[in-house]
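Every number in this text was worked out from the coordinates using simple rules, so none of it is lab data. All of these numbers come straight from a predicted model, not from anything done at the bench. Every residue, glycine among them, receives a Cβ derived from its backbone with ideal geometry; neighbour counts consider all protein chains shown.
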Amino acid sequence: MNKFVVCALVALVFLMGSVVADVYMHFPRGSNNRLNENGVNRDNANRLFDSQNNGKGGYCWGPPTYYYTGSKVMIEWTNQHACHNPLVLCEIVLQYMCGTTVRDGTVTTTIPDDANTYNQKVTPDPLTGENKAVYKYGMNEDYQYYQDCKARERNKGLFTADQNMNGRNSARHTRQDNNGNRYGFECPEERDYYPYWHPSPWKDIAILVNNMTMCSYFQRESQNVKAKNFCSDAQFNNKASCENGGGTWETKPSWGIDPPVCEEAQFTRDNHLGNSVTKFHQGYASSFNWTIPDQAMNNCVLRLRYNISTADYEGWNTVFADARLNGDKSPVKQYETVQYFGKNYTLAINTDQFGRTFQDRSHIFHIRQRPSHIDDDAVIWNIGVRGKRGNIVQVYPAVEYDFVPGRLHLEVGDYVHFQWTGCDTNPAGNDGEGTRQTDRSNVAQMLGPAFNKPSDVPLVNRFKLTRMFDDTDTQARMAFIDQVNCLSMAELRAANNNNDNDVEQDVRNCMKLNGAPTPYFDGGVLRLNNTGTFHYMSTRNNNFSNRSQKATLVVTDDSSTLPLWAVGAVGVGVVAFAAAAVVAGLTLYAKSHPAAFAATAAAV
């Protein structure tokens, strides 16, 4: 088949609009290429991947979390330049990958493109202090994947507008990055285009679109269900040139998993890193509820790509922008000057961004087999903490602390897994409670959502408190979070010469949660046995009129609700009973008023 035709057919999407727009994953914690640096901005935008986001975004590294197979995680994010909005065309692509060598690394330096050093290890672990050998450099995509990308000819059937590719022919070079800059071992061509036509290490979770007619294409072309081809000689990108060059055109099988979910994207405003106003997300961040795969795996990373398209040229349907519209034929020109009512106007069009992809990725997490005492079909919801230390201006474009999900509806017998992580290297000047730079959270129940003090008393004034958990030890642990070396207030004051600030910062001040040795806390999987609406807060971070860290858990008992067939049977029974009552009443009336009954019958 002609190479141009192959390229054109697969290059239908990710032809996105020229705007400066970012995307930030808030839960699980998106890195935006951060590691453990404590500056306001990340140290290295090239560390793992090309985000094209503002350097101030992202959350610093914390001890890895894990999720049980089949459990549910709410992925949350904000995107700057709108989605499912008439002002822009948009897709959100969610993917994950796992692997034995996938890692966060321990330095902010980009992994070297050198077979002899990229897997270098160091001892002890600089992040945790543990006396063990760990990989020095962070890595998501692996070394060989990038070598193949460098060697492979780029897809020359793609639309590059009027960008001068300068004879750069590798898959490293795209319209968005014609210099071929390196970001970890990411392949720029795969990054910029979805679905990709060669094998990728990423498995698809979901595609959120503003045009639902695209779903069948996305799902059909996903590597989840479709095998992908490549040449044994990596320089060739299609079957004909591969075989003509003496190579073998090989096939990598599909992942053999379900096609990705494809659903309508959530409406968001442009020029605004804010919440959605879609029906099921009113006033909440854009999100997707991911069911964790059924296979236990270590060293996984979550990837979110945000793609924005323009209507100034066709990126879909029968006729679309491809290489036939490159150069002088491009429908858009670099900083184009146009005439409008006889006057000239120069437009802010940068054609390497006229069609653009942004992304964020999580730090490493693990997938574990669920405990043997929990049935495979039992519902497990993960509840965690998003956000970072600081006020709303200091943390932006990240967010302040909050629980995720903020409001969760479950049934008696379902499970929740309270677990969160954070870091101790937030910017030193950021506001917050307790020891500077540290993230700490806990769960303490309140009487109601407008309260700002915890309560463990069953009845306060007119408010009745039903505890979330069966035993007080569990409830107390969720609040105290396994702190150590705690001092009383009197002891703290004596140790700090009555200096209030020093008392606040003292790591033995467990009243401020400073005594937790790590920002990671695992509350375990807890079965919900009590019905009710439960409100809870973080005693450290909930600071009325400054920041709120509260959430609500609604637990109902649907076993008290009759199934539909039973509701129908009851309805029939009620009608029959009513009819029998009417007949009995008429019979009784006829016996007591024979004349009236006879007259009525005669009239009929």
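One entry in (i) 29.9, 112; (ii) 57.5, 197; (iii) 27.2, 114 is Rg and Dmax of the Cα atoms in Å calculated from the shown coordinates; its label is (i). Model label points for Tyr396 and Leu410, set 7 angstrom from Cα along the Cα-to-Cβ axis, are 3.5 nm apart. Pairs exceeding a 22 Å alpha-carbon distance, out of Lys56/Lys333; Lys136/Lys388; Lys121/Lys228; Lys56/Lys388: Lys56/Lys333; Lys136/Lys388; Lys121/Lys228. Measuring nothing but how far apart in sequence close Cα pairs (under 8 Å, 6+ apart) lie, relative to its length, region 341-402 scores a relative contact order of 19 percent. Between the helical axis of 564-592 and the dominant principal axis of the chain, each derived from Cα atoms, what acute angle in degrees is found, rounded to the nearest 10? Its long axis makes an angle of about 30 degrees. Toward the positive end of the charge dipole of the chain, about the Cα centre and with charges on Cβ (Lys, Arg +1; Asp, Glu -1), which of Thr346, Leu35, Cys486 goes farthest? My answer, from the dipole projection, is Thr346. Bridges between two residues of the chain, per DSSP, are antiparallel at a rate of about 80%.
A simple spin-label model places the labels of Asp431 and Thr100 5.0 nm from each other, with each point 7 Å out along Cα-to-Cβ. Taking the DSSP bridge list for region 429-567 and keeping only pairs wholly inside it, about 100 percent are antiparallel. The stretch between Val554 and Asn169 holds 132.9 nm of extra length on full extension. This uses 0.36 nm per residue minus the Cα-Cα distance.
Helical runs (DSSP H, four residues minimum) scored at -39500 (n - 2.57) apiece and divided by the length of the chain put the mean residue ellipticity at 222 nm at -4500 deg cm²/dmol.
With a cut-off of 12 Å between beta carbons, the residues surrounding Arg361 carry a summed charge of +1, where Lys and Arg count +1 and Asp and Glu -1.
Relative protection proxy for 28-41, 363-376, 113-126, from highest mean packing down: 28-41, 363-376, 113-126 (other beta-carbon atoms within 10 angstrom).
Taking each residue as 0.36 nm, the span from Thr109 to Asp502 lengthens on full extension beyond its C-alpha to C-alpha distance by 138.0 nm. Taking 0.36 nm per residue of sequence separation and removing the Cα-Cα distance, the Asn350/Trp255 pair yields an extension gain of 30.5 nm.
For region 82-239, the residue among Asn116, Gly180, Pro199 whose Cα projects farthest onto the positive side of the dipole built from Cβ charges is Pro199. Please tell me which of these pairs span more than 32 angstrom C-alpha to C-alpha: Lys156/Lys226; Lys203/Lys512; Lys156/Lys252; Lys72/Lys453? In this structure, Lys203/Lys512 exceed 32 Å between Cα atoms. For Tyr335 and Asp377, a Förster radius of 56 Å and the Cβ-Cβ distance give a FRET efficiency of 0.45, rounded to the nearest 0.05. Projecting label points 7 angstrom from Cα along Cα→Cβ for Thr472 and Asp270 puts them 5.9 nm apart. Counted by Cβ distance under 10 Å from Met537, the other residues give a net charge of +3, where Lys and Arg count +1 and Asp and Glu count -1.
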